[in-house]
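Notes follow once the structure below has been shown.
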Amino acid sequence: MNPMGCDYERDGEAMTLPGQLPLLPLRDVVVFPYMVTPLLVGRPRSVAAVEAAMDRDKYLCVVAQREAEMEDPGEADLYQVGTIIKVLQIIRTPDETLKILVEGVARVHVQDVYPTEDFLEVDVFPMDEDLDMGTEVEALSRSIKERFKEYVRLNKRLPDEVLLSVLNLGEIGRMADSICAYILGKVPLKQDLLEEPSLSRRLNRINQVLANELDILEVEQRIDTEVQSQVQKNQRD
């Protein structure tokens with residue numbers, strides 16, 4: 001077991017979090033540091049993990065499942081990098097499902113999953129990150145900001161407020177993680193971004209993903225415009 005606390009840095013301040021946490025497996029979701037998101041928790045072991053966290057310090061470790069259909073995942077069914085989250089709000093529903101609002105705190109390596117009577121417990125260790133802030137990182141940051149502006153403009157699923165909240169983040173690593181939370185992508189892609197320790201390589205990948213998504217969104221917009229034009233023509237005829 002690893003009951004010792006682990007040291008992390010957040011917003012320039014040092015913080016110590018437990019080295020052993022209740023584990024919450026996630027289907028089709030990857031949570032990034034600084035990401036605030038709602039989660040629906042219904043499986044009995046997952047509910048018990050959240051309840052245990054609320055009885056302690058409100059921290060859990062979330063890890064994406066390799067197969068979303070797996071009902072009762074074990075260590076082999078989970079990715080080895082996850083995120084420490086803090087529960088900000090919890091709503092208990094009549095059917096015993098929990099609706100929780102969480103905030104991502106830090107990337108972690110996941111080791112040694114321990115089944116307890118009601119839920120899974122896991123040892124976590126801080127993930128070493130290369131946050132070199134050279135000229136390449138600055139150039140990538142500027143490119144990503146411009147592409148993300150266009151991405152939000154074309155993506156009807158994202159409100160304009162998202163753009164303001166992301167672009168106002170001064171720290172590049174935090175901006176990158178926030179953008180990862182909003183871009184479309186399946187679990188393997190987002191998991192790769194979560195696991196990448198190098199900020200420059202992470203930014204490169206985000207830039208490529210945004211470029212690909214912009215190509216798709218522009219085609220979708222062109223198709224929508226052509227369809228609307230045809231409909232209007234038919235109405236006139």
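In segment 170-196, of all residues being aliphatic (A, V, I, L, M), free of Cβ contacts under 8 Å to residues at least 40 places away in the same chain and open to solvent by 10 Å² or more (accessible area, probe 1.4 Å), the one that is nearest to GLU213 (Cα to Cα) corresponds to LEU184. For segment 220-229, the criterion of a residue being in a helix (DSSP H, G or I), out of contact with any Pro (no Cβ under 8 Å at 6 or more places or on another chain), closer than 24 Å to LEU26 by Cβ and of a type outside the set (Lys, Arg) is satisfied by no position.
If you scan segment 76-123, which residues turn out to be β-branched (Val, Ile, Thr), in a strand (DSSP E or B) and loosely packed, with under 14 Cβ neighbours inside 10 Å? If you could, list the steps in order and put the result at the bottom.
Step one: list which residues in segment 76-123 are β-branched (Val, Ile, Thr), which gives 81, 83-85, 87, 90-91, 93, 97, 100, 102, 105, 108, 110, 113, 116, 122.
Keeping just the survivors that are in a strand (DSSP E or B) gives 81, 83-85, 87, 90-91, 100, 102, 105, 108, 110, 113, 122.
Correct list: ILE91 only.
Taking segment 159-169 as the range and being in a helix (DSSP H, G or I) and surrounded by fewer than 17 Cβ atoms within 10 Å (Cβ to Cβ) as the test, the residues that pass are ASP160, GLU161, LEU164, SER165, LEU167. Residues in segment 197-218 that are out of contact with any Asp or Glu (no Cβ under 9 Å at 6 or more places or on another chain) and without any contact (Cβ under 8 Å) to a residue 60 or more places away in the chain: GLN208, VAL209, ASN212, ASP215, ILE216.
Does PRO22 fit the bill of being within 19 Å of GLU121 (Cβ to Cβ), touching a helix residue (DSSP H, G or I) at 6+ places or on another chain (Cβ under 6 Å) and of a type outside the set (D, E, K, R)? So PRO22 passes the test. Among the criteria (1) free of Cβ contacts under 8 Å to residues at least 24 places away in the same chain; (2) under 30 Å from ARG10 (Cα atoms), the one ARG236 does not fulfil is (2). Pick from segment 6-55 the residues that are small (Gly, Ala, Ser) and either at pLDDT below 85 or touching a Cys at 6+ places or on another chain (Cβ under 8 Å) (or both): which of them is surrounded by the most Cβ atoms within 10 Å (Cβ to Cβ)? My answer is GLY19. Take GLU213 and decide whether it is closer than 30 Å to ASP77 by Cα, open to solvent by 40 Å² or more (accessible area, probe 1.4 Å), of a type in the set (Asp, Glu) and at pLDDT 90 or above. Taking the combined requirement at face value, the residue does not satisfy it.
Is there a residue being without any contact (Cβ under 8 Å) to a residue 40 or more places away in the chain and in a loop (DSSP other than H, G, I, E, B) anywhere in segment 20-29? The answer is no, given that none of the residues of segment 20-29 is without any contact (Cβ under 8 Å) to a residue 40 or more places away in the chain and in a loop (DSSP other than H, G, I, E, B). Restricting attention to segment 139-156 and to residues that are modelled with pLDDT of 85 or more and of a type in the set (Lys, Arg), the residue that is least open to solvent (accessible area, probe 1.4 Å) turns out to be LYS145. Just to verify a result, which residue in segment 124-138, among those that are open to solvent by less than 90 Å² (accessible area, probe 1.4 Å) and assigned to a helix (DSSP H, G or I), is farthest from ALA106 (Cα to Cα)? If we take residues in segment 124-138 being open to solvent by less than 90 Å² (accessible area, probe 1.4 Å) and assigned to a helix (DSSP H, G or I), then GLU138 is farthest from ALA106 (Cα to Cα).
The values are calculated or read from the model by the stated rules, or taken from the named source; none is laboratory data. Note that the structure is predicted; figures quoted are calculated from it, not measured. Cβ: placed from backbone, ideal geometry, glycine included. Neighbour counts: every protein chain shown. Note: areas computed on protein heavy atoms with side chains; ligands, DNA, RNA excluded. Shrake-Rupley method; radii C 1.70, N 1.55, O 1.52, S 1.80 Å.
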